[in-house]
Each structure stands twice: as C-alpha cells, then as structure tokens.
Amino acid sequence: MSFYNSSKIEKKWQAYWLENKTFKTAIDQEKPKYYILDMFPYPSGSGLHVGHPEGYTATDIIARYKRMKGFNVLHPIGWDAFGLPAEQYAVKTGTHPRITTERNIKRFREQLQMLGFSYDWDREVDTTDPDYYKWTQWIFLRLFERGLAYEDEQPVNWCPELGTVLANEEVIDGKSEVGGYPVIRRPMRQWVLKITAYADRLLEDLDDLEWPESTKEMQRNWIGKSIGAEVDFTVPDHDEKIRVFTTRPDTLFGATYMVLSPEHHLVDVITTDEQKAAILKYKEAAGQKSDLERQELSKEKTGVFTGAYAINPVNNKEIPIWIADYVLAHYGTGAIMAVPGEDERDWEFAEKFGLPIIRTVQPPDNFDGKAFTGDGPSINSDFLNGLFITDAKSKMNEWLEENGVGNRSVNYKLRDWLFSRQRYWGEPFPIIHVDGKPKAVPEKDLPVTLPEVEKFQPTKSGEPPLAQAKSWVETTDPETGKKALRETNTMPQWAGSCWYYLRYISPEFDGGPVDQEQEKYWMPVDLYVGGSEHSVLHLLYARFWHKVLYDCGVVSTREPFKKLVHQGMILGEMEYTAYELDGKIISSEEALENNGIKKIPLSEREIEKKGDRFVMKGTEISVDAKAHKMSKSRGNVINPDDVVNNYGADSLRLYEMFMGPLEQVKPWSTKGVEGVNRFLNRAWRLFFGEGELEKFNINNDEPTKDQLKVLHEAIKKVTEDIENMRFNTAISALMIFVNEANNWGEGVPKAVAETFVLLLSPFAPHIAEELWDRLGYSNTLAYEMWPVYNEDYLKSESVEMAVQINGKVRANISVPSDKITDKEFVIGLAKQQKNIQRYIDGTTLIKEIYVPGRILNIVVK
RNA sequence: GCGAGAGUGGCGGAAUUGGUAGACGCGCCAGAUUUAGGAUCUGGUACCUUUACCGGUGUGGGGGUUCGAGUCCCCCCUCUCGUACCA
C-alpha cells in the first residue's frame, strides 16, 4: 500500500516556490490583468484559525487558475498590524508592541506559507511599518487640506477599561466590541472625518457593484438617507426657534406636541421655573444611562413637560414642548414635532401622558390599530384635505417655503467618523498645534514616527500615552519657528486598511501612495474576499478614502472593489447534548426553563432522529443537536496546524472547499477531512499502483474514447465551477474522475494523467507539483495552459432517458445518439417497453411530449 | 418590530432554461484482506411495502399554474444573520 507523504512533499514544494519566486507578479502589461485580494489579517498572538484558510484557499484557487488562463495575477497579502491586543499585552508585560507584532507576523507568514498560498511575497505590506504609514499620514493630510478632517469637542464613547474612545460602530449594546467593557458618553476633543460629505456618492455608487445584496443593503441602511423637510416652530416670549426634521411634512396639522431630546441646547432656555426641578432630574437620569440602559428601558416611554409651548406654523396653535429620551440628540435636529395619529412612537407617548391625537390621514374602514402609517387621503388638514401622502408632502413643502417657515431637507443616519484614539499603537497624526490651532506637518517631514515611551498605558483623564514623550511632543513649527505641540492621539485601526490594496500595486514606490501608471493597469480589485463582519465599517471607510483619492487624482476608479464575496463562518463539530436535572435526564425543551442543569455530551451513536427532532436512542427524550461557534471557552477550536500535521495542507485546503458553498455557514467535521485525504491517496495510487512501492502506473497508450469522455467531462465541470466559485462541486467532479480512472485497470495514459494533474493543481498544489515532476517535467506547473475540453469527446453512443406516463416515470430507455431528435423513433422504442404497454393498454392517447435527450411524457386517459 | 437569506436522507451538501430528486463526501450495513484492530478494497444505503420485480410516499406546511414543480405564483410556519425609538 503506498501513501503519499504529504509533509515531505509539501515542504519540498513550498521551498521551491519561495526560492524560485514562482508567484512573483509579472509586469508585462500586454497581458490581461486579474487583481484578486484577501482581506489582510490582524496578526494575533493565537495564530491562524480555520476561518482564515477558507477565504484564502478560495482566492488562491482562482489566482492559480487565472495564471494558467494567461492572466497577469496580482495576489498579495499583508498585515493589519496596529491594534489593541499588542498594546494591551504591552501594558501588562512592558514588551514593546513592535516586538509582539513582529513575532506574530512571522508566525502568520509561516502558517500561510505552510498552506501553500501563491502570494507574491515581495509585495507584503505592514501597516505598522513607517514606510507604509508615511502614506497613511500623507492621505490624512489630503483629507485635512480638503476640510474633511477637523477637530471637534463632542460627546464620545469613552471606555474606561480600554482607556480610549470608540467609534459608534465599535460599541455593541453599550459595551466595547473588543473585550465587552462598559462604555460611557463623555465630551472630549477629537479628530473627526467628514464622511457625511460623501454620503450621497457612497450611496449611489453601490448600485453598480457586484456585491452581495445583503451587504449593499446594510450600507444603505447605515447611510440611512431620508427625504423630508425642516420646519421652524416659534416659542412665544423667546427669540429662539425650534427646528425639527420630519419625513412627513404632510402631517403637520396633526402635530399636537413637540419633543426635544434631553441634550437639546434649548431645553434650559425654555423650561419654566415650575418645571426646572423635574427637567433637571430627568436630564441627569438620562445622562447617566448608557446606551444599553436606554434601550432596555425603552419599552416604556418616559418624558417631562418643560412648561413651555411652541406655535405650530400651519395653524398657529399652541402645542406643549416636552423632553424625552426617545428623541435622539444626534439625529436630525434633536427635536421632533410629534404626530401621534400617524406615528406609533408618538401615539404611545401621547397615550401615556394624555396628549391630544388628531388623525390627518383617513385610515381604511376596517382599520382598528392605533397610529396609521399607511397611505390615504388627508383629513383635518385644511388645504391638504383629500390629497394622498406624496401630493400632500409636496404641497406642504411649497407652503413652508413660501411662508419662510421651513424647507425641503435630506437627512442621513450616517455621522462623521470619529477618527482619533488615545492609544500608543497606531499611526501618529501628521499634525502640530501652533497657537492652539492644528497645522499640517510638511510632507517632506513624513513619516511622523512613534516616539519611545516609558509606559503604554493611557492616563485616567484620557491623556494618550504619547503625551509622556515630552521631547517628541514639544517641537517647533518649521515654517515660523514658533513653539508647537504634536498631536498625541493616534489613528484608529481602520486607517491602515483603508488603502492597503493600493500599496500592493507598487509597494516600493516613493513618489506617492501608489504609482499611478501601475494603478491604471491593476485597479479596480477584480475580486475581494473576506468576512461579512466588515460589511459596513471597513468597506464603507475604504470606499470613502478611495473616493477622496479619486477626487485628488491619485486613483482612476470611483470604486475600489468591483466584486465582493464573503466566506461563511466555520462552526465547530456538531454536538449532541442531553440535560440532567437531579440525576434525571430531561428533555431539551424542559431544560430551557430550569436551573442547575448538567449538560451531558452524547456521541452520534447514542442518539437517533424521531420526526423532526433528535432523541436519546430508544427513548422519547429529546436532545440538542447543534454546531456552535468555535471558541476557546467551549473547547471546540480546530487548529489548522494540527490538521496540516495529520493530513497535510492539501487535505485542509480541499476539505475547506468541499464542505459546501463558500458563502455558507457550515460545521467542521474531522471525518470529512479524512474523506478528502482518502481521495488524495486514491489519486496518488492512480500514478503509483498498489503493491510494489512506487511502481509507476502511467503508460504511453493512446487514450480510449471512454477515457477521453471521462476526462473531458471533468475539464468542463471543473472549469465552469471555478469560474462560478462552486468549489465543492468542482472537487466532486475530480473525485468522480478518480473513481472512474481507478477502474481502468491497465494504468492511465500519460496524456490523461497530465491533464488531470493540471485540473487538480489549483486545489491541491503540492501533490500536483509532485506528480507533475514525476511525470517528467522539471518546471513548475503554475504557468501551464489550463486544459480546454472538446465537445466531441463528451458525446456518447446512446442516451439514457426516462419515459413518463402522465408525468410519472415508468421506464428507462436507451436511445442511440443519432436517433435522439427522431421523436417517432423514440416513441416507438418506448412503447415496446413492457411496463409502458401496461400503462397504455386500454387508454386513449391525449398527447405525447418529447424533449430530446431529456424526457418523453405520454399523456393518456 | 423591520431588513436580508435559508428550510432537500442519519450528517455536509448535489440537481442548466420547470424535464429520472438525493451527484460527491461522511456515517451506517454486508463482504474481501488481516492473528486481531486500524487502514485499504468491493457492494449496498431516502422512506413504506416486497425474497425480488411491481408499486406507493417524499424536497418545512397548505393551496395554485403545468403534460410535468425542489425549481414558478399566493398564504402560513420555522431557523440564521443584520438592525433596533433614526422622526
């Protein structure tokens, strides 16, 4: 029995590829290009997990395939290496983050090379390298110049545990995304990027992208464009007006009260003396609530009357002004006109506090709900009466503009991007403060490198670690010679990943972030693969920077990533769990409602399926059957190193692609890895027969017709499936070929074997290179021509077809290929079948439907 | 609530424009080989009925269109992901 020695073969070819720089990107611009990009990893201390090789194998298969199809392929990798874990480790141990980062990068690089990915290793980028972040800073200066980066004192998400401010996107349920620590709101001086200036373009350009619809939709929701109007309400005895944003100007006659957010700047101005105490109390309570608490308590509406009234401009009626935390300070103008008749939230509030409700849209007769949000004719609305929503809106907008009390307006959920962090391990801002004003560091002085510091910890007050480096902070303005202070905040981790795909194009270029001549050739990225967790943040930020660079003339495309695919998460192995309470096994439904439950893991042999649930074998006690997310605490993490040691990199690659469609969430199965490993062994034995060690099984015979048919079916299927990223079925086609070829007995003709090796090579490149070598070639197969199938070989002598009577299959017939279009012949053949006769006898023929090569359906009565 | 996606054997999953449901792999069963186990090889494996043939049922549930529906249309159920008072 001969087994192929995966570890020996894989090490050999990995060394060969590195030494010969097999995958160095050619710069021959005559050839068509293909830029295929992986989301670069954060090099964490725990190394690769099995999720990484999933997307990386998919892109590697396509990269290898495209090279063989004659494309110039750009397939790079790098390191998103700034970030919190290395810094937290530094705080704990005093180890400089650079040391940790270098160590982790080395490990990641080795692991990626161990999996045989065909990256061009001469194009590695590292966001923490000053030669890289020089250009991150350079891009920041472009933003600064254009007024797209500004300083602002604003309430921010301050996380005391992490000692830093977080972007809204990094706060989940009131806790930090990293670590899950509490987050409070607190005003601080911050750098902010004006992404809102690009909101419309970010929205519109989504339409032409070949991205998953769900991702585009998420970005649209995040940008949250809504069209409506702003309306000014006057407050008697005050000069100030209260401006509100509404998407329903048509309902203005139904505005029976107003609500300001507790943080609104006019609250203190308008509140009457009698209400001051109550308002103050409410504001304090709201201020102390975290976002999480606001959400939890949101089931019940709360609010306090300010004692003041506003004038509804359409009818000059006085309406009371309240404050309530269901109105958000940071959306629209932080104030609303409340129309309970047409808004569910306002209805709920009005009902609770006994405020008047006026309907302004006629609900249908059978309507028995509360607020009516549907369309209908306007009522109680003077000059709008009878108009449906769309017309009523435009008429009201005209009225508002004519009377100078409002205007059409567009609002976005998207807010400007909070861009500074009080951390050490990030890009320093290329900014100095002179006379208290921010000023750009001249381009020739870039990069502004990180200073050495004693401690990596931020101070309690929020002073960043860089502030300790006095000699670094205190500098002079090169222009005026005045004293100047360096900015001590650093950029967030997103900065480096906003443009790394450009640096790969010309990693050594020193005239700008990217060599424009090369950029024109390589951009846009043809295929970008990475996790859906980056659907909004990274992908929106990168698009924003790209558009700014486009406006600066640095890049030639409006969008960076033409096609995007998300790989699905890989879960742990399927787990079966029974529950025990007080020594008794109870069903999984009961277990939900009890405390003190003991979980008992079961093997597959101990359970069986009953109906649509799993039960313990021979009982009615249902158990849980579920694959969980991999996590250290659950102990179900699969380490790619172990898989490679046991089965080899080719098996890991093959298995991850064979599990199912790339985009799908799917559970791991070690048995499944063994399955594809067996396939590779069977493929190997096609070349080196059983019995005698390494007896070469390849002959120089002419391939037979049958052999060519089997081979060309594989070529066709594998080619089409790679093009459509259906790797699981491509591998199944390779398996079918091997299963067939194993029955050939006499050995495999060389011409057939060679083609098979080429087909296998994108999936399992190490074993393929070894077989190619043993077939007598001294060069890598990486640039061999991809096989092309020949339609003639696919034809067979006869076609198996089903014959149906009234749509049910009653017989199978074999029709000679040259008779396939002869309907009469086929019907004649079918009617000779005994079973068909049985069904036809004594009936009347209604019709005969014949789809050549597919089916014959005889309809009888 | 809202938005998006998905429900097919014991499991992961296949199935061109509607045309033989369950490819391929795992698991399981039987056999071969082996002192035994493992590994490997061969055959079988949706369910019911049957020695076998024949037959019946079957793609979450219910209707519909069609000669023919996993696929198209309508209603309902379940699950996953995202989102959450955005005026």
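The values are calculated or read from the model by the stated rules, or taken from the named source; none is laboratory data. Keep in mind the model is a prediction, meaning the values are calculated, not measured. Cβ coordinates were reconstructed from backbone atoms using ideal geometry, including for glycine residues, and neighbour counts include every protein chain displayed. To get the accessible areas, we keep the full protein, side chains included, count just its heavy atoms, and leave off ligands, DNA and RNA. Shrake-Rupley method; radii C 1.70, N 1.55, O 1.52, S 1.80 Å.
Structure notes:
- Distance (nanometres) between label positions extended 7 Å along Cα→Cβ at A:Phe353 and A:Glu663: 4.6 nm
- Shown here for the range A:1-109: GluC sites (Glu not before Pro) in loop regions (DSSP other than H, G, I, E, B) with at most 12 other Cβ atoms within 10 Å, namely A:Glu30.
- Rounded to the nearest 20 debye, the dipole magnitude of the range A:18-58 is 80 debye, with +1 charges on Lys and Arg beta carbons, -1 on Asp and Glu beta carbons, and the Cα centre as origin.
- Rounded to 10°, Cα long-axis angle of helix A:705-723 versus longest principal axis of chain A: 10 degrees
- Once the Cα atoms are used to define both axes, helix A:344-353 deviates from the longest principal axis of chain A by about 40 degrees.
- Whole-percent carbon and sulfur share, accessible surface of the range A:184-261, 1.4 Å: 48 percent
- Label point 7 Å beyond Cα of A:Phe367 along Cβ direction - residues of the range A:238-254 with amide nitrogen under 17 Å: A:248-254
- In the range A:798-839, the convex hull through the Cα atoms has an average projected area of 2.7 nm², a quarter of its surface area.
- About the Cα centre, charge dipole magnitude for chain A (Lys/Arg +1, Asp/Glu -1 at Cβ), debye: 1480 debye
- The loop-placed GluC sites (Glu not before Pro) in the range A:761-821, going by DSSP, that have at most 12 neighbouring Cβ atoms within 10 Å of their Cβ come out as A:Glu797.
- Most positive-pole-ward Cα, A:Ser603, A:Gln275, A:Phe253, against dipole of chain A from beta carbon charges: A:Ser603
- Unit charges at the beta carbon, dipole of the range A:13-147: most positive-side option, A:His49, A:Thr128, A:Pro97: A:His49
- Nearest 10 degrees, 0 to 90: helix A:750-760 Cα axis against chain A principal axis: 20 degrees
- Kirkwood Rh, Cα atoms: Rg over Rh of the range A:438-585: 1.17
- In the range A:771-861, Cα pairs under 8 Å separated by at least six residues give a relative contact order of 27 percent.
- Taking the Cα centre of the range A:240-381 as origin and assigning +1 to Lys and Arg Cβ atoms and -1 to Asp and Glu Cβ atoms, the resulting dipole is close to 240 debye.
- Spatial separation of Cα centroids for the range A:818-861 and the range A:86-101, in angstrom: 78 Å
- Across A:Lys106/A:Lys482; A:Lys8/A:Lys66; A:Lys671/A:Lys716, pairs whose alpha-carbon gap is larger than 32 Å: A:Lys106/A:Lys482
- Kirkwood Rh, angstrom, chain A [1 / mean 1/r, Cα pairs]: 32.8 Å
- Inter-part distance where the range A:137-158 and the range A:736-755 are each reduced to a Cα centre, Å: 63 Å
- From the alpha carbon centroid of the range A:166-236 to that of the range A:351-428 is 19 Å.
- One equal scatterer on each Cα of the range A:665-789, no solvent, Debye formula: the resulting log10 I(q)/I(0) at q = 0.13, 0.14, 0.19 Å⁻¹ is -0.52, -0.60, -1.12.
- Heavy-atom accessible surface of the range A:8-127: percent carbon and sulfur, 1.4 Å: 54 percent
- Extension gain (nm, one decimal) between A:Glu604 and A:Asn779, 0.36 nm per residue minus Cα-Cα: 58.2 nm
- Here's the picture: charge each Lys and Arg Cβ at +1 and each Asp and Glu Cβ at -1 in the range A:685-754, and of A:Gln707, A:Val748, A:Asn728 the one pushed furthest to the positive end of that dipole is A:Asn728.
- Computed [θ] at 222 nm, deg cm²/dmol, chain A (DSSP H ≥ 4; -39,500 (n - 2.57); rounded to nearest 500): -10000 deg cm²/dmol
- Antiparallel bridges, percent of DSSP beta bridges restricted to chain A (to nearest 5): 80 percent
- Applying 0.36 nm per residue to the separation of A:Glu210 and A:Thr272 and subtracting their alpha-carbon distance, the gain on full extension is 16.7 nm.
- Measuring nothing but how far apart in sequence close Cα pairs (under 8 Å, 6+ apart) lie, relative to its length, chain A scores a relative contact order of 14 percent.
- Whole-percent pair-distance distribution, where bins are 10 Å wide, for the alpha carbons of the range A:299-366: 17, 51, 27, 5
- Here the range A:649-689 is treated as an ellipsoid with the same Cα gyration tensor; its semi-axes, largest first and in whole Å, are 23, 10, 7.
- Total lysine pairs whose alpha carbons fall under 25 Å of each other in the range A:536-638 (8 or more apart, or interchain): 25
- Based on Cα contacts under 8 Å between residues 6+ apart, the range A:472-581 shows a relative contact order of 24 percent.
- On a per residue basis, chain A carries 47 Å² of accessible surface, using protein heavy atoms and a 1.4 Å probe.
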